[in-house]
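See below for the structure under consideration.
No value in this document is a laboratory result; all are computed from the given coordinates. Predicted, not measured: the structure shown is a model, and the values here were computed from it. Every residue, glycine as well, gets a Cβ built from its backbone with ideal geometry; the counts of neighbours run over all protein chains shown.
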Amino acid sequence: MSGEKNSNTAPVRDLTVKQGFKLSKFLVSWEMVLVYILILINIVLIASRPNLYFSSGTIQSIIQSGMDVCPLVLGMILILMLGDIDVSVAANMIFASMATGLCCQAGLPALAAVIIGILAGAACGMFNGVCVAYIGMPAVIVTIATSMLFRGIVKIVLDVNVLKQFPGFYTAIAWTNIAEIPLSLILFLIMGAGFVFLLQKSKFGRKLYIIGNNPTCAEYSGIDVKKTKLLVFVIMGAMCGVASIFFVGRMGGSVSSTMGTGYEMTAIAICVLGGVSTNGGKGKVYGPIIATLIMAFLTYTLGLLEVDANTRKIVTGFILIIAVLIPNVNKQLLANLKLKFIYKGNKNAEALNNRTLEEVKALKNTIAETRKDTSLSEPDKGVKIKKCEDKIASLQKKCKEQTAALLKEQREDERKAKERFAVK
Amino acid sequence: MGVKNKITVSKITESRNFGLLLGLAVLLILAAVITPSMYSLNSILNMLQNNAVYGLLAIGEMMIILTGGIDISIGATLSLSGVVCCRLMAENPGVPGAVWVLLALVIGGICGAFNGLLVGYFKMVPMIATLGTMYAFRGFSFLFSGGQWWFPHQFIDSYLAFATKRILGIPAILWILIAVFILAFLFLGYTTRGRRIYAIGTNRESSQVAGIKEEKVTFLAMVICGMLAGLSGMLYTANYATCSYSIGDAYEMTAIAICILGGVSITGGKGKVDGVVIGFLMMAVITYFISLLPGLSVWSDAIQGAIIIAAVALNIFTERSAEKRALKERGALI
């Protein structure tokens, strides 16, 4: 097994970054699947309530109903990208709204109050970040505890009171349309574009992918993992502050300590549905953006179909589970089923078949390359292709024979074992 | 191994339970100074009775945390089993109470098995899987209850007896709790399956190489946790003689907090039942303490959150210093 021989047979890894645009691949990508789901939901809605769907203002109000969670979704993408999780976002959002509300009550100018709200959110995020990154506590536990803490602080400060003084533009953001397009959707898309740039084009975003895939590797390649983690949590906190603008506007400009429970679950569910892996290091911004719209349409459609709020919870739960399961199912489960039924639980046979498949694939690649190669003359090409095809045939034949032999051996062993125990 | 170490003072002070007991003592003294009315046998029994559900949940949660996972659906499982038992009990008053205990165990077991299937066999991240099932179980609970409430006059006596009947002066729910503590202690310490739970949590890969089926062990832990959650749902309704779908909200957080207070390592593989018992006592004293002081009830969430953070931070620092000390003893660190 020399190195040279290996380089001939093993598939060479494609190191080109841009793989070119392929329509067939694009149409079955997860983002496109989400678009199909969105279209499907729309068709169901049209079929069930045609009058309502085409009357003016319906679609706008559907979209508006789902937009109060959108900044949380964008922030959550970054957190999940690290392989962490943040379940304190809803409490953080309420905390930020409280800060803004108290400032407005004290008579500060609107802009200062908003900035203080966002800063309060960022401070809460920083607390989470320090606990997770620098002390090394697990993110789940920290954020569960801080969600109790933040909401607890709001409860202490507000007790059962409701804050009602908020800047006037809050409700405008949540409820107005510009040229028939909801203002909140426009803002969401602008923020989304910002996050696309941050995650896909900037150095910071690329760092997140590395950390999510392998934190140790990231540490050794000179990335300050702790600092990056802290920064991500601070961004999440600031996004909670931004979310408070959407949320308070949506609630008609008031906030109390019990509002917004369950928003963190919705945000995580949307991210997972949008194709962001909870193990970290996988996902794009487009998916969750479409998934936010899906969630809005789904909730509204189910509401119109007279499904009550708690049943909708069941649907949300199962969507979350199924969205995570799908990628697992087609890889692991298929492999397991194949092992069980085709190879009769014989791992040697499975390994043999897998190896042969890989080798055949590599050979087929070389055939395709020779076809494209212009430097060779036609007869030369023919000879080379013929050689490869022969090799494939012989490999497959050999594999079949060996598998049969292995299975036969196994059957024989089982028969022998049975005989031995049957006698006694 | 095999050599009995001498018990020294430093050994006692260094063990984790010592710190916990010290904390408990401080709390008790604090409570004695501020609210002396807490110290009567009746009120202590009352306190333990009302907190017993947390103890059951914490033992279940502990099994899962030991495998390195987490289960946040136990509050919803509690609600589901409570609602199913109450509704069927109110509709069939002639059936003896023991049937409902069995039913609660079965319902909890099914919920736990579903979680176990997702986490163990489909390899989902435990947090996300149980997040989803939490939604689903709570929704099912609402569907089954139809938004209805059940009140004391609808409960039959043999149902309530499982929580409130006094045997030797101690409520039945506490006897059940003690039995569960002892069973968990024996299971985790002295059976093969119990030791396997520790093995999985300590090092997943090496335990797999050693021939332990990781899927089965995770599944088992999830089923046990679900059964305990189901049982606690039935006992909760029997204890308070009221029920609605909203019971058990955020109880999973309290259960996790008790585990962490009791020294169960959140990364898995470390933690003992006796630590959890002490954690349970501490949490009971804290919640009771808060409820006794007027005007402090709004503080309860914030205090609980702060306690969890402090406990986890303490847990991590002690673990780190223990690691460092071990390295120093082996001469790896100067």
> How long is the gain from A:LYS361 to A:GLU180 if the chain were fully straight, where each residue apart is worth 0.36 nm and the alpha carbon distance is subtracted?
Replying inline: 59.9 nm
> Could you give the length gained on full extension between A:LYS201 and A:LYS408, defined as 0.36 nm per residue of separation minus the Cα-Cα distance, in nm?
Replying inline: 68.9 nm
> Ranking B:ILE309, B:ILE258 by Cβ neighbours within 10 Å, fewest first, what do you get?
Replying inline: B:ILE309, B:ILE258
> Classify the stretch B:194-322: rounded, prolate or oblate, from the alpha-carbon gyration tensor (a ≥ b ≥ c, eigenvalue square roots; a/c under 1.5 rounded; otherwise prolate if a/b is larger than b/c)?
Replying inline: oblate
> Per-residue mean of other chain beta-carbon atoms within 10 angstrom of the beta-carbon, peptide B:306-315?
Replying inline: 5
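Ranked highest first by average number of other Cβ atoms within 10 Å, how do B:41-49, A:244-252, B:146-154 line up?
Working: B:41-49: 14.7, A:244-252: 23.6, B:146-154: 12.2.
Per-residue Cβ counts within 10 Å, averaged per peptide and sorted highest first, yield A:244-252, B:41-49, B:146-154.
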> Roughly speaking, what is the centre-to-centre gap between the stretch A:34-66 and the stretch B:260-334 when only Cα atoms are used, to the nearest Å?
Replying inline: 50
>> If I fit a long axis through the Cα atoms of helix A:309-328 and take the longest principal axis of the Cα atoms of chain A, what angle between them do I get, 0 to 90°, rounded to 10?
In response: 30
> Does chain B come out rounded, prolate or oblate by the C-alpha gyration tensor, with a ≥ b ≥ c the root eigenvalues, rounded set by a/c under 1.5 and, if not, prolate when a/b is larger than b/c and oblate if not?
Replying inline: oblate
> With a sphere of radius 15 Å drawn around the Cβ of B:VAL95, what net charge do the other residues whose Cβ falls strictly inside it have (Lys, Arg +1; Asp, Glu -1)?
Replying inline: -1
> Which whole number gives the average, over all residues in B:244-255, of C-beta atoms from other chains lying within 10 Å of the residue C-beta?
Replying inline: 1
>> Contact order normalised by length for chain A, with contacts defined as Cα pairs under 8 Å and 6 or more residues apart; what percent is it?
In response: 25
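How do A:ILE178, A:ILE294, A:ILE392, A:ILE94 line up, fewest other C-beta atoms within 10 Å first?
Numbers: A:ILE178 9, A:ILE294 21, A:ILE392 17, A:ILE94 30.
By the 10 Å Cβ count, ascending, the order reads A:ILE178, A:ILE392, A:ILE294, A:ILE94.
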> Given H placed on each backbone N at 1.01 Å, which residues far from B:CYS243 in sequence or on other chains put an amide H within less than 5 Å of it?
Replying inline: B:TRP150
>> Let me check I've understood the local charge: for B:LEU228, count other residues with C-beta under 14 angstrom from its C-beta, Lys and Arg +1, Asp and Glu -1. What total comes out?
In response: -3
> Counting only pairs 8 or more places apart or on different chains, how many lysine pairs in the stretch A:184-311 have C-alpha atoms closer than 15 Å?
Replying inline: 8
>> Give the separation of the Cα centroids, the stretch A:75-94 to the stretch B:102-173, in Å.
In response: 29
>> For chain B, give me every cysteine whose Cβ has no other Cys Cβ within less than 4.7 Å, ordered by residue number.
In response: B:CYS85, B:CYS111, B:CYS225, B:CYS259
> Taking the mean number of other Cβ atoms within 10 Å as a proxy for protection, how do you rank A:136-145, A:73-82 from highest to lowest?
Replying inline: A:73-82, A:136-145
> Roughly how crowded by other chains is peptide A:309-316, in terms of the mean Cβ count from those chains within 10 Å of each of its Cβ atoms?
Replying inline: 6
> What nm value, rounded to one decimal, do you get for the distance between A:LYS400 and A:ASN354 when each label is placed 7 Å out toward the C-beta?
Replying inline: 2.3
>> Tell me the angle of helix B:41-66 to the major Cα principal axis of chain B, expressed in degrees between 0 and 90 and rounded to the nearest ten.
In response: 60
> Helix A:378-423 versus the longest principal axis of chain A: what angle, 0 to 90°, nearest 10, using Cα atoms?
Replying inline: 90
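Would you please put A:103-109, B:122-128 in order of how densely packed they are, using the mean number of other Cβ atoms within 10 angstrom per residue and starting with the highest?
Put in order of decreasing packing, that is B:122-128, A:103-109.
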>> Taking 30 Å as R0, compute the FRET efficiency from the Cβ-Cβ separation of A:LYS381 and A:LYS338 and round it to 0.05.
In response: 0.25
> Hey, how many Å between the Cα centroid of the stretch A:233-293 and the Cα centroid of the stretch A:130-168?
Replying inline: 15
> Taking square-rooted eigenvalues a ≥ b ≥ c of the alpha carbon gyration tensor, is the protein assembly as shown rounded, prolate or oblate, where a/c under 1.5 means rounded and, failing that, a/b exceeding b/c means prolate?
Replying inline: oblate
> What FRET efficiency comes out for the pair A:SER61/A:ALA112, r = Cβ-Cβ distance, R0 = 25 Å, nearest 0.05?
Replying inline: 0.20
> By counting other Cβ atoms within 10 Å of each Cβ, how are A:PHE197, A:PHE421, B:PHE162 ranked from fewest to most?
Replying inline: A:PHE421, A:PHE197, B:PHE162
